[in-house]
Amino acid sequence: LAAALVAFGFILIPRVESGALRVAVTLYMCLVSAMGLTALLQRREGYACFAAGGVLFILSDSLIGIGLFISTFPHRGLMVMLTYFAAQLLLNITLIKPNNHV
């Protein structure tokens with residue numbers, strides 16, 4: 001995953017025209033990558049959900065970057081939102097406990 005993220009950065013970053021935006025996009029990619037890699041490194045109950053959620057979150061943001069800086073594609077908004085909501089669900093599903101009544 002780390003190698004794929006670095007490769008994606010080498011493809012995406014040169015296509016960002018503004019210098020200030022290029023710095024911001026690079027920093028954001030580093031933060032999202034760190035979040036995804038941290039999710040993959042979890043070693044606790046619900047690991048599969050953390051791992052899948054982290055990867056889907058990276059995919060969601062990658063689709064945004066591709067659409068903004070490389071090339072638009074059909075149903076981009078739908079694909080971004082589906083992967084984003086699935087990522088959020090998977091990253092947070094272990095917080096929902098059975099028998100946890102308010």
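Each reported figure results from applying straightforward, stated rules to the coordinates on display, with no laboratory input. Since this is a predicted model, take the numbers as computed values, not measurements.
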Cα-based helix-to-principal-axis angle, 47-65 vs the chain, degrees rounded to 10:
30 degrees
What one gets for the chain as the Kirkwood radius, inverse of mean 1/r over different Cα pairs in Å, is 14.7 Å
